[in-house]
Every structure is written in structure tokens, then in C-alpha cells.
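Inspection log for the structure reproduced underneath, given as C-alpha cells.
The values are calculated or read from the model by the stated rules, or taken from the named source; none is laboratory data. Everything quoted here is computed from the prediction, not taken from an experiment. Every residue, glycine among them, receives a Cβ derived from its backbone with ideal geometry; neighbour counts consider all protein chains shown. SASA here: full protein model, heavy atoms, side chains in, ligands and nucleic acids out. Shrake-Rupley method; radii C 1.70, N 1.55, O 1.52, S 1.80 Å.
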Amino acid sequence: MERFDIAVIGSGPGGMSAAAHAAELGLSHVLLEGSPKHSNTIQKYQKGKHVMATPTKLPLRSPLDFAEGTREYILDKWEEGMTSTNTNIQYGSEVTGIDGAKGDFTITLANGSKVGAKSIILGIGVQGNPRKLPCPGAELEHVQYQLDDPDEYNGERIAIVGAGDAAIENAVGLAGQNKVCIINRRDEFARAKQGNLDLITSSISDGKIECFYEANPARIEENPSDESRYVFVLSTPTGEVPVPIDRIIARLGAIPPRKLVESFGIEFPNDSPAALPELSSQYESNVPGMYVIGALGGYPLIKQAMNQGYEVVEYIQGNDIEPADHPLFVEAFDGLPYDKSVDEILEYLQNSSPIYNGINPLNFREFILDSKVSKRAPGDELCVNGEFTNSFFVVIDGNAFVKLPGVGEFHFNRGDFFGEQSLISGRRRTATVYAGDDCVVVETPRRSMVKLINSVDSVKRVLDEAFILRALHSKFTPNTAHAELAEVVANTELRTFDANQDIYTEGEEGDEVHLIRIGSVTSVKQSNNKEVITSYMPVGHYFGETGVLGHGVRTDTVRANVRTETICLSKDSFVTLMDKEPGLQNEIQSHIRDRLTVEARMEAQPKGGELMSFLMGEGLGEGTDVLLIDETLCVGCDNCEKACAETHDGNSRLNREAGASFADVHVPISCRHCEHPHCMKDCPPDAIHRASDGEVFIDQEACIGCGNCVRNCPYDVISLQKNPAPKPTLLHWLMTGKGPGPGGKEYADGETIKKAVKCDACKDNAGGAACVRACPTGAAMRLNPKEFVDLVGSRFGS
Amino acid sequence: MYQSILNFKRARYLWVALALSIVSIAAYWWHQPVGLPNGGTWLGYTLGTVGAMLIVWLLLLGMRKRSYRSNMGTVQGWTSAHVYLGTALLLVGTLHAGFQFGANVHTLAYVLMVVVIVSGFFGIFVYMRYPNLMTYNRSGDTLDGLLEKIHKVDDRSRRIANTPNLSRLVESAIDGCQIGGSWWQQLSGSGRSIMSVPFAMDPDAQEKAQSNKDHKLVIDVLANRLSQLGGGEEAGAVTSLLANFAAKQTLLRRIRRDVQIRAILKIWLYFHVPLSFGLLAALIAHVVVVFFYW
């Protein structure tokens, strides 16, 4: 067994940088890579893709070069760097297990051989290894687990195994110039996106692709007759079927690396899929001598990972160098009233609030780098009532306050926090908070908070408690002191419902009251054996109160439109709240009256209920600003698309004609600015934000064009686009006819950088959205889902 | 919310236009010029100035529509005002002329103005009526979606055709199918589809290209062929092809109707806009002539 001082597992940017630095220092090292190429994730990018080098301010610290450029350029540079430093990389060395302890680890490889190491650096990313075919022959030469470029294959017989989006896209991409069959374990394609489902079912019915349903791979054999390379034997309900085949592409998903990592002894704080392993400030895991860098440790950007690779080797050598981001902290802390070093300030910040208690120092460092620490002048507005911002504040020194009508000022002192309502619910701010005397606050953007909530249980608990207390207080008992609500808060429960799940159904017994904190619901009633949607309720609304005040039988069905979380109050708790607040009972009664009026109106218009169901079915229930087109007015001039393109660098972010219609209401393909935007879920440079008026937009400077948001958006409203060349002015175009006119576009030669673009609801235009303003007939309109009831009323008016 | 250009903001520009009209009529009725009413009196000049300014402003809609960053009202508001004030112009212009017409540049400007306004009326009519018809005709599909369906039907027909003659027939019908075409073809809603019938199926036609309007010919030929065959594989194929071409016929009718409606929604602008520029030119000539050569 060969032994090394340092074994690096995974040759991504972080792993390569670490190994190259070890090589540069002349240390005994090995870089183990499971696949035949380095940088798997980046290899999978499409050809010629432009890779960004964000964050631009962060200096690069690595023996390998990295500057923004094409995928090929960057991969070549790394290849050169590894050669010139004599990095010892071993391809095809998939790691299956690690035993031993610091100073004497034994790494077991898939081929059974073993490697010894004193320290281990894990840089295996989060993509995971592709699931292998569970049958003999899975390792044959022409059995592959990814497809880079469908055009590389011509005239072959290819079997695709799998029924997900990747399998379908590969099958359809290859079907034009190859004979393709797809092997589906089940009798339908249930996991695929709607668009892909349509593609594959039509390709199968048109005979372009053959599909074997309920078929499992039994074995792959070399074909003795030379007619095809292999015979792929499938086991089907009617027996074994041999299929002559030249190539097999299995798209069975990836095995998340967490299980493997846990088998090495590394612990995760909880079961959340987003949880990160706990690391020291020197990237060391709970297993001494085993270090974690890059995306697996929560750092998805290439430059961060490369810097960590360099630093971790230094740490292993016992050199306590300052991390590469040190100068960024010096800059960030400039102007704070503290005469302390960076590390001392970090410690001071972390000790300020109990909410920071459970965070490990490395995560806290990253957290503060993402946040903004600043001293604010007395009277400054930190967050403004009605705005859509969603950052989170912790008071470090001095105080901040809200003005409560009739009660006076409520102060937040050192360690107190605010902003959790908008953060959790995705809705507007519910109060304006002002800076008080000597106010120093940490303002953290949504993404960093979400990351923290997912990885540190105590943060979630503290935030939820505060959320419930403040939500109940502002909704039901604004005149009661917080302390008096402690008992009620302790007796509440947070309930989570999936999209389309019934929270309760008409006719059943029940007397709990729900206050919506995430998502939205619709109330449904049975009318002439048909379901009619009678109302839509977003965050901040409550329902179920008729159960408490009435006879305890539900008079309607309440259904979650999207994943919804409610604060659930028992009858006793609700009665306690009514006892504490004398006016509450009257208020609730008038609330019930209002709702019944709306419900009666909707019940009288069953067509309206169908329209409402259609709008909810299109996913508009989670939107905040939805573009709809009245088909009775639309003349199809596409001035909306032209206006969009003209005001957004030449690329329209809406497709008027595409999309579904019902009762003359058309839902074009256009962003609906979701409460909890799917696009924000996995943006490596955190380039997607929500403006103060609620517009979800992509910061074009920060976007690296990775396409994650394009894939994550269920409504297909984001696309990767090149920037067209600038246009002549209208007058110039009219006079000379040169260049593209209104609505047209041209690209400059050599323009290759693609970035994600989507609707920003014209947030920078004081007049509002250009599409609506430019519609000559008034067919285009933008609505908040709350206004759907009015829309229905105007359609089927009573 | 959800209002047409006619009742934009409770038809506010209807009231503006009505006010302008009433003031103009009242002034015309009250004014007693020396001789017959004409453009040369003070009221004539006033109405002329108002009319000329209206014409220039009405023309500016084309610029406002393309000023996508403009925050000066909405395009819908402008269009609504355009419609009502344009209608009022008919009255203002007529009163300005004092009902005096002749064979001269002044009357040319007047006639152009009337033609432009009348073409605008047609525009309002189609804008009010055709969007509904278009939605109804497409019944939830898009033009691209319908064209895609045609491709699929064609692919299926190609696969079904199981004799050389059937293949040639199918191929010829598919090749000769035309959608869109000239303005006239688009407006009339009839594509100029042609095809040739294989000799074995119709010896009289000599394989010459014939009209396959509304896909009637191909359906007839297939129906004939079916009556000649007494079962067998080819009969099966012909039956399926008949069903396919019938489906294609329905799709084509919807597509042609869609193309027709789109054309109607656009065609009037091809008169309205150039004629308004003609009007502008005639207006300038009219003003210059009045001031320099009267």
C-alpha cells in the first residue's frame, strides 16, 4: 500500500488547487479522482460556455490559474498548472471507504486497492456519483452515465435507461440521427417536467423513440453475431427481451455524497438536505485530520474552493496563515466604532446575540462576509413598512425601535433581532424599524439566513418562537404585552402542508384556527356536486375561526395552493386571545361577515370558481405580481414583447403567445415573482434578489450564467441569453435604415457570454411595467393574486 | 382594470371629444361671417389651427407607441384619446372647411383626412370584434402548436402510406400544401394548395398539378381508391390516411382562419398609416398654399 502525507479526494477546483499546492511545496501527496477526467462538474458544462470568476473582489490564492473565460480555456489552464507543478493525480480511483485516524488513514478504492494517508482533504462537491446500472455488464466500454453532446453520435442503436428529465432530454436529443429506445422501469413518466413529458410521449407515439415500459435491465452481453455491439437483455412482465444495442446511456440520477461522507465519520447537524458538515475555522471536520473544502463545505464558487485548497494545505503544515478573505473583512469593518482586530470583532459580533450561539466559527465568518455590519445614524430607517425586502437584522450595540400606535416605542437592544417575518413568509415588511442611539446592526441577506436556518437547529427554533409571538401579537392582540402571550405561544404548533393538500374538509369536525405564515390557501365549497373556489388567502390571513365561534363543524374545505405553513391555534388558545383583547371578537365577526359576502358572490359564479382553479393550477397562487392577458382585447401586436426587449438590453423576458388560457384569460410565459422564488434556491453567486417593491430580479453583473435558476424555475420564465449589440436611435434608424429597428436585434461578432435573464417587472421604471404600459388595447394587466377575486367578478360579474 | 380602449378611464376622452365638438358646433352656429362660412374667417383659422394640431398629435401615437421607456401616460390611454379625438377631427375639419369643396389641394387634404378617419373606424371595429373570434378559433392552442400538429399528422401519413402510389400521393399532397402566402391569400383564408395524382389512381389527370383547395382533392382520391379496394392491407392504410387528411383539413381550416384574422387585424394599418402621412403632406401643402398664395 502506497502512503502519502496528504491525500486529496476529488479533483474539482478545490481539490486540484490543494494537490497542486502540495506538489509545489514538495509534499508527498496524491489526488484521487473517480472519473477519467478532472473537474467533473465543469467538464459537464456545454462547449464554449463562459465561466465567471466571482466574487471579483476576492483575490485568488492558488498555484493554478483562474480568470474568467471559456470552459475550455479554464480546463486547459488547470491541466497546464497540474503538469507544471507535477501534481500526482490518479484517475479512475473512486473512493469507497476511509478507515483509521489522523496520521494513519487507509483509503479503500472501488477496485479494491488501498492508499494510506496522514491527512485527507475532501473536495468531492455535492453532485455525487452517477448511479450505476444494477446489472452485469454495467462496466462495459460503451455503457455510459452522461452525455455531453448528442451530435457526437450518428447511426447507432442507443438505449437510454431512466425516466427522468435527463433521460428524456438525452433520448430526444439523440433520436434525430440514431435509433433510440428508452427503458422505463415503470408504466409512465411520472417524474418528468411537463414539457419533457409532452416531448417523450409524442416522440413515442410518433414512433421516433421506442419505449420499453415496466422493463428492468437484466444483463448486458457482447453480441457474438456482430450485428450490434451488445445485446441488452431486459426483464419485462412478459419475460426476458433481448435488444441489440451499440451504446447504453444510463441516467439514473446521482447518489448524494452525504451518505458516503457520513460513512467516513463526518457528522451533519441535522437531516435537512441542505445541512452542511460542521467545520473548524481551518476546514477540519469532526474527524481530526480530515478536512472538507469547496461546495461540500458550503462554498459553491470556484475561486473560494481554490483558495481553500491552498489554505488547507498550509493549515495541515501548521502554518496559521490568514484566509484570503482577510482584506475583505478589513474593508467591511471599516467605519465601525471598534478598536479591535478582525478576529476580535468577529468574536465580539458572535457573542452579541444568542441567535449566533450555535454557529461554528468558519460558518460565522462566511455569514458575516455575506452580511453588512454598519453603524447607523439615529432615525435611519433600517427596514420600511410595506417594502418587500427580506434581510434579517441583529442589533450589536445601541438600539433600534419601532413606533407602535397607542403603545409607544418598542426597543430592540443588543442581541435582539428583527426582520424574521418577511424572511420566513416572503411577504412585505410589517413595520418600519428605526435606528436608535449608537446603533450598530448586522444586516444579513435572505440566502445566508436560509443557509443558516437549514444548518443550525437552534437558529430555526429561536426564529420560529419569535415569529409566532410577533405574528400573533400583531394580528390578534396588538395591545397586549408580549409576556402575556407566552403561554399561548407555547401551545401553538407549526403545521406544514404540501401543495394541493387539504388542511381540513367541509363537514368534518374541527375547531383549530390557522394563521398562514408561508404560502397561500384557497377555500373550496361543494355546490351542485361541483367544487367551487370561493376565496384565496395569502400569508397573514387566518381561517378556521368559524369553527371556534360556531358549532365546530367545518363549512368549507381549505386547500394549500403551494407548500404552506400555518401557525395552528387550539380553540382554548384562540379564546384566551379573545379574552385578552376586548375588541378582537367584534373584529373577527366582521372578518367572517366580509368573507361570507365574497364567498357568496363566488358561489353564485361557478364559472368564476373554475377560472380561479385554472389560475391556481397555473401556479399563480405563489406569485406576487402576475402578468395576465385579456384575450378579448389582445390583437396580437406583440408590442408588449417589443417593449420588454427594448427596455431590457434587447431580450424580451416574456412570451405572449405561449402559455395556457381559460375563459379568455391568458397566462403568458412570464415571471410571476413568487413569494419564495424557486430561482433563488441554488444561485452560486447569490445574484437573484427581491427589490423593495417585490420584483425578483437577477443582478447581471453578478450572474455567472450557470443556468441553475433556469432549471429550478417550474414556470420556464428564465432563459440564458447573449446581450445583443446596442441599437441605433429611433430617428437614426428611420433615416438610415441601418441596424435593427424597434423589436429587432443583432449580436456583435464573438459575443459568447450568456447570462440568465428574466422579468424584473421594470423595477427601475417609475411608471411601472413596460409591457402593460405599451399595450395599445389594455389587454395586458399585472395583478396580485389577491385581486383575482376582482378579476373573476369583472369577468362573470354579478 | 379590464377595460377596452373605448371605455378607458370611464371613456374620459369621449367627454373631451364631445366637449370639443359641442364648442365647435356652437361657435359655428353663433358665428356670422361676411359671406359664406369658410377657412379664411377668424373662426375658420381657429378651427383650422385646432385641426392641424390634432392631426400632428394623432400622428404622434406612432412615436409614443415605440417610446417604450416613456412615462407619459400609457399607450392604451393614448390610443383611447386617439380614437375619440380623431373622430372629433372629422367634425372640426368639416366645420373648418365650411362645407366648401372643390377640385384643389385643400379638398385633397380633406378627403385624405376622411379616408384616414374612416379606415380608423374600421380598425376600431376589428380591434373590438376579432380578438374574440381569434381566441374562439384557436380554442386554447397557439399558431405554432397548430403547425406542429400539422407536422405530426404529415409524419404519420408518410408512415401509413404502404404502397408506392400512396406514398407519392401523400408526398405530393404534403409538398403542395401552402399556408399563408400573399396578402390576398391570407385575407381570403384560402391557401393555394396543389397536388398531382399518381397515374394509376387517376389516368385522366396525366399527373398534372391540380388544385387541392381545402384538401378536397386528396380526400376524394383516397375515397375513390377505398371504393375500388375490397379490403386488404392497402384499404386499411387508405382508411387511416382518410382520417389523417380529414384531421389535417380541420387543422388547416383553423390555421387559415387564424392567419386570416391576424391579417385583418393588421391590414387596415397598411392603409391607415401611409394615408396619414399622405394627409400630413397634403396638410402642409394646404397650409403653405393658404399663407403664401391666397
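Things to note:
- In a reduced charge model with +1 at each Lys and Arg Cβ and -1 at each Asp and Glu Cβ, chain A shows a dipole moment near 1060 debye about its Cα centre.
- Dipole of the stretch B:163-281, positive direction: furthest Cα of B:251, B:167, B:232, with charges on the beta-carbon: B:251
- Entries of A:37/A:132; A:727/A:763; A:57/A:259 with Cα pairs more than 26 Å apart: A:57/A:259
- Across the options A:345, A:364, A:326, the greatest Cα extent toward the positive end of the charge dipole of the stretch A:326-454 (unit charges at beta carbon of Lys, Arg, Asp, Glu) belongs to A:364.
- Dipole of the stretch A:541-605, positive direction: furthest Cα of A:570, A:555, A:584, with charges on the beta-carbon: A:555
- Residue by residue along B:69-78, Cβ atoms of other protein chains within 10 Å of the local Cβ number 6 on average.
- Where chymotrypsin sites (Phe, Trp or Tyr not before Pro) fall in DSSP loop in the stretch B:161-214, at most 14 other Cβ within 10 Å: B:199
- Loop-resident sites, the stretch A:411-478, for trypsin sites (Lys or Arg not before Pro), counting at most 14 other Cβ within 10 Å (DSSP): A:414
- Debye log10 I(q)/I(0) for the stretch B:124-263, one point scatterer per Cα, at q = 0.14, 0.19, 0.22 Å⁻¹: -0.67, -1.07, -1.31
- Shielding by other protein chains, B:126-132, mean Cβ within 10 Å: 4
- Nearest 10 degrees, 0 to 90: helix B:75-97 Cα axis against chain B principal axis: 60 degrees
- The stretch A:128-218, relative contact order [Cα under 8 Å, separation at least 6], %: 28 percent
- In this structure the protein assembly as shown gives 45 Å² per residue of accessible area when probed at 1.4 Å with all protein chains present.
- Violating pairs (Cα-Cα greater than 28 angstrom) within the set A:607/B:65; A:681/A:745; A:208/B:216; A:193/A:722; A:754/B:65: A:607/B:65; A:681/A:745; A:208/B:216; A:754/B:65
- For chain A, the share of DSSP beta bridges that are antiparallel, to the nearest 5, is 75%.
- Exercise: per-residue mean of other protein chain Cβ atoms within 10 Å, A:509-516: 0
- Taking a straight line from the alpha carbon of residue A:580, these aspartates and glutamates sit under 15 Å away, with near neighbours fewer than eight places off in the same chain left out: A:484, A:487, A:572.
- Hits among lysines - C-alpha to C-alpha of residue A:340 under 22 Å, sequence gap 8 or more where chains match: A:372, A:375
- Across the stretch A:509-521, computed HN-Hα scalar couplings (Karplus, 6.51 cos²θ - 1.76 cosθ + 1.60, θ = phi - 60°) run 7, x, 9, 8, 10, 10, 10, 6, 10, 9, x, 7, 9 Hz from first to last residue, x flagging Gly and Pro.
- Pairwise centroid distance, computed over Cα atoms, of the stretch B:178-213 with the stretch A:212-233, Å: 49 Å
- Considering only B:253, B:168, B:262, the Gaussian network model of chain B with Cα springs below 10 Å gives its largest mean-square fluctuation to B:168.
- Distance between the stretch B:1-50 and the stretch A:348-386 - C-alpha centres, whole angstrom: 66 Å
- Tail fraction, Cα-Cα pairs, the stretch B:180-262, threshold 23 Å, whole percent: 32 percent
- With the convex hull of its Cα atoms as the shape, the protein assembly as shown has an orientation-averaged projected area of 59.6 nm².
- Per DSSP, loop chymotrypsin sites (Phe, Trp or Tyr not before Pro) in the stretch A:715-798 with at most 15 further Cβ within 10 Å: A:747
- Rg/Rg_ref, the stretch A:515-560, where Rg_ref = 2.2 N^0.38 Å and atoms are Cα: 1.20
- Shown for the protein assembly as shown: the carbon plus sulfur share of the solvent-accessible area, taken with all protein chains present and a 1.4 angstrom probe, equals 53%.
- A cut-off under 9 angstrom between Cβ atoms defines the neighbours of residue A:108, and their net charge, with Lys, Arg +1 and Asp, Glu -1, is 0.
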